[in-house]
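Q: Submitted below is the structure of interest, expressed as structure tokens.
The values are calculated or read from the model by the stated rules, or taken from the named source; none is laboratory data. Note that this is a predicted model, so its numbers are computed, not measured. All Cβ positions, glycine included, derive from the backbone under ideal geometry; neighbour counts span all protein chains shown. Calculation scope for accessible area: heavy atoms of the full protein, side chains included, ligands and nucleic acids excluded. Shrake-Rupley method; radii C 1.70, N 1.55, O 1.52, S 1.80 Å.
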Amino acid sequence: QVQLVESGGGVVQAGASLRLSCAAPGRAFSTYAMGWFRQAPGKEREFVAAISWNGDLANSAASVKGRFTISRDNAKNTLYLQMNSLKPEDTAVYYCASRSNYYPSGKVREYDHWGQGTQVTVSS
């Protein structure tokens, strides 16, 4: 069982930055591709960014490209999402997820384990 714990959310003004973290204790972390997703009230969960097991491959949604950066530190079993130039439309609960595969995916159904989520609120 993979346990994922997100942190780093908060309330910020438009234009600010936040860095989300996802702790994933366990030896298997370095063998999983990881992803960040978000869900706003009344909307479906959507892809934000994903990264391969070793960090060599990463992709992100068009809506966050150039503003958000996904990274991982396998020595610390931790996934990150650096979010810059935040906009009110980025307001959502952000989830990290693991995938039993080396390579990233943007599809919710291809991830096996999920964290509890962390709230990000961006005011205008």
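Q: Scan region 97-124 for residues that are part of a strand (DSSP E or B) and more than 22 Å from T31 (Cα to Cα) and jot them down.
A: Scanning region 97-124 gives T118, Q119, V120, T121, V122, S123.
Q: Here's a check for you: in region 66-91, which residue that is within 12 Å of the chain's Cα centre (by Cα) and hydrophobic (A, V, I, L, M, F, W, C) is surrounded by the fewest Cβ atoms within 10 Å (Cβ to Cβ)? Give the derivation first.
A: Just the residues of region 66-91 that are within 12 Å of the chain's Cα centre (by Cα), to begin with: 68-72, 78-83.
Those left that are additionally hydrophobic (A, V, I, L, M, F, W, C): 68, 70, 79, 81, 83.
Working: F68: 21, I70: 23, L79: 30, L81: 28, M83: 26.
If we take residues in region 66-91 being within 12 Å of the chain's Cα centre (by Cα) and hydrophobic (A, V, I, L, M, F, W, C), then F68 is surrounded by the fewest Cβ atoms within 10 Å (Cβ to Cβ).
Q: Tell me whether region 105-116 contains one or more residues that are open to solvent by less than 20 Å² (accessible area, probe 1.4 Å), among the small types (G, A, S) and either at pLDDT 95 or above or under 23 Å from Q3 (Cα atoms) (or both).
A: yes
Q: With (1) open to solvent by less than 80 Å² (accessible area, probe 1.4 Å); (2) at pLDDT 95 or above as the list, and D56 as the residue in question, which single condition is left unmet?
A: (1)
Q: Which residues, taken from region 6-53, are within 11 Å of the chain's Cα centre (by Cα), open to solvent by 50 Å² or more (accessible area, probe 1.4 Å) and not acidic (D, E)?
A: Selection gives S7, R19.
Q: Going residue by residue through region 37-46, is there one that turns out to be among the small types (G, A, S) and under 16 Å from S21 (Cβ atoms)?
A: Within region 37-46 (the criterion being among the small types (G, A, S) and under 16 Å from S21 (Cβ atoms)), the answer is no, since none of the residues qualifies.
Per-residue answers, yes or no, for (1) closer than 15 Å to W114 by Cα; (2) assigned to a strand (DSSP E or B); (3) modelled with pLDDT of 95 or more:
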{"position": "P25", "(1), (2), (3)": "yes, no, no"}
{"position": "M34", "(1), (2), (3)": "yes, yes, yes"}
{"position": "F37", "(1), (2), (3)": "yes, yes, yes"}
{"position": "K43", "(1), (2), (3)": "no, no, yes"}
{"position": "A50", "(1), (2), (3)": "yes, yes, yes"}
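Q: Looking at this structure, is Y94 part of a strand (DSSP E or B) and either exposed (fewer than 14 other Cβ atoms within 10 Å of the Cβ) or touching a residue at least 60 places away in the same chain (Cβ under 8 Å) (or both)?
A: For Y94, the condition - part of a strand (DSSP E or B) and either exposed (fewer than 14 other Cβ atoms within 10 Å of the Cβ) or touching a residue at least 60 places away in the same chain (Cβ under 8 Å) (or both) - is met.
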